[in-house]
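**Q** Pasting a structure below so you can have a look.
The values are calculated or read from the model by the stated rules, or taken from the named source; none is laboratory data. The structure displayed is predicted, hence computed values, not measured ones. Cβ sites come from the backbone with ideal geometry, for glycine too, and all protein chains shown count toward neighbours.
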Amino acid sequence: MDLFNEDEKKSVNEDGSTSNQPLATRMRPQSLEEFTGQEQLVGEGKMLRRMIESGVMGSLIFYGPPSSGKTTLAHVISREIDARFEVINAVLDGIKELRNVVAKAEHQKKANGRKTILFVDEIHRWNKAQQDALLPHLESGIITLVGATTENPFYSLVSPLLSRCQLFELHPLQTDNVLQMLDRALQDSERGLGFIDVKITDDAKMHLADYAGGDIRNALNALEVAALSTPKSEDGSVVIDLEIAKESIQKRSVRYDRTGDEHYHFASAFIKSMRGSDTDASLYWMNAMLEGGEDPNFIFRRLLIFASEDVGMADPYALTVVNASHEAFIKTGMPEGFYFLAHACIFLSLSPKSNSTKSIFDISNHIKQNGIDDVPSHLRDKTANKLASRYLDVENASEEYKYPHNHPYNWIEQKYLPGKLRDKSWFKPGDQGREGKLWHRLQQIKKTQNK
């Protein structure tokens, strides 16, 4: 649909408010001058700004966290270059809707030469075939694509599409950006709240900006709720203090997307903090994920992996602790479940570390590259060896096998790998915790037995 058709614009009421539109929608920037944030892209002299000002626009992909301004920037571009603006939501729309947009774009181009910008929101939701369907229309110049995604485009978009688009990364908006938009809304009497005499304290305004977590829409809507629900004082003004601000925006917004890059960045910070034995940072990143709506079972899954991958044989008990914590969490639920998450997290952070279990992957790679050698004869099944000896008139190879339990400390020097791998070693033991003690014990036994 064309978002800027005259019949879709809302009328302004006598009191200055706009019909049926929340403040955040009314205050959406209409030009580059009104756009706030992303100075690295649209600041003076920056590449994207030069492209917009020159009117020479190729297809673009905007990627960044939610509420960073991807959709708003696409709107601004269409207005700045006077192009038709069509929107497709990749969650709801598919190739049928794309064909309709292309048909209208071809008509407009023939009729008046006007460009059409197609904004595909959440473009990563389209499968390969749907993304490929864009390619011929980008090649022909019928449409200019502006795609928006919260996921890393190098993982979520097909290579042919990436090669035809310029990528621009948007960063999370900062508190100063939110404050700027709050001030603009308070002063604007046509689209904002300027038709009301609003007096807001500095700490109230800072609270709205801080709790919005970079989400301008959240902050503006909270400001509107406060301004329209607060009774006027004797002088006719609306006074918004800190208490009113707290009532208007009660839950802090957390920059976290369970399906986007933030999910992997936070999880990475969580794991690396535990690996570095920083308990405070481990708890911080774990709580950040939970506050953002992460599934606690995902966190327990990461804890289980960590227990074997990074603590491993330094404390084999770690796996038991995490399993027990997870079972307790399932039985109890939240909010008490925080105790079990913290229990496992703190235990792993403080545990001695060893990554010797990764030797399994080294062995796996060796087998994939070299194949599997024959089992040495003395290690083969003793029944098979006995039958072979009886019917093939050969020596019973099992008689060469040395039974460790018949020797001191239940150990005896013996080769267990195939012949040509006899001296090969993949396992690199750590020297921390229980693993160090177990390895030291084995070396002492070998020394005693080999004397």
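**Q** I'm trying to understand the selection: among the residues of segment 21-74, which are surrounded by fewer than 16 Cβ atoms within 10 Å (Cβ to Cβ) and of a type in the set (A, V, I, L, M, F, W, C)?
**A** Result: MET47, VAL56.
**Q** Here is a list of conditions, (1) surrounded by fewer than 20 Cβ atoms within 10 Å (Cβ to Cβ); (2) touching a residue at least 40 places away in the same chain (Cβ under 8 Å); (3) assigned to a helix (DSSP H, G or I), and ILE77 meets all of them except one; can you say which number that is?
**A** (1)
**Q** Here is a follow-up. Quick check on my filter: what residues within segment 80-115 are assigned to a helix (DSSP H, G or I), more than 18 Å from LEU138 (Cα to Cα) and aliphatic (A, V, I, L, M)? Steps first, please.
**A** Let us first name the residues in segment 80-115 that are assigned to a helix (DSSP H, G or I), namely 80, 95-112.
After this cut, where a residue has to be more than 18 Å from LEU138 (Cα to Cα) as well, the list is 80, 111-112.
Passing the criteria: only ALA111.
**Q** Within segment 121-142, count every residue that is surrounded by 14 or more Cβ atoms within 10 Å (Cβ to Cβ) and not in a helix (DSSP H, G or I).
**A** Residues that pass the stated criteria total 6.
**Q** Yes or no: segment 261-271 includes at least one residue that is of a type in the set (Ser, Thr, Tyr) and free of Cβ contacts under 8 Å to residues at least 12 places away in the same chain.
**A** The first filter runs over segment 261-271 and keeps only residues of a type in the set (Ser, Thr, Tyr), leaving 264, 268.
Those still in the list that are free of Cβ contacts under 8 Å to residues at least 12 places away in the same chain too: 264, 268.
Among the residues of segment 261-271, at least one is of a type in the set (Ser, Thr, Tyr) and free of Cβ contacts under 8 Å to residues at least 12 places away in the same chain, which makes the answer yes.
**Q** Related question: Report whether or not GLU151 is of a type outside the set (Gly, Ala, Ser) and under 30 Å from HIS265 (Cα atoms).
**A** yes
**Q** So, in segment 366-384, how many residues would count as being in a helix (DSSP H, G or I) and either over 14 Å from LYS424 (Cα atoms) or outside the structural domain of PRO404 (by TED's automatic domain parsing) (or both)?
**A** 8
**Q** Mind listing whichever residues of segment 62-82 are farther than 20 Å from PHE154 by Cα and of a type in the set (D, E, K, R)?
**A** ARG79, GLU80, ASP82
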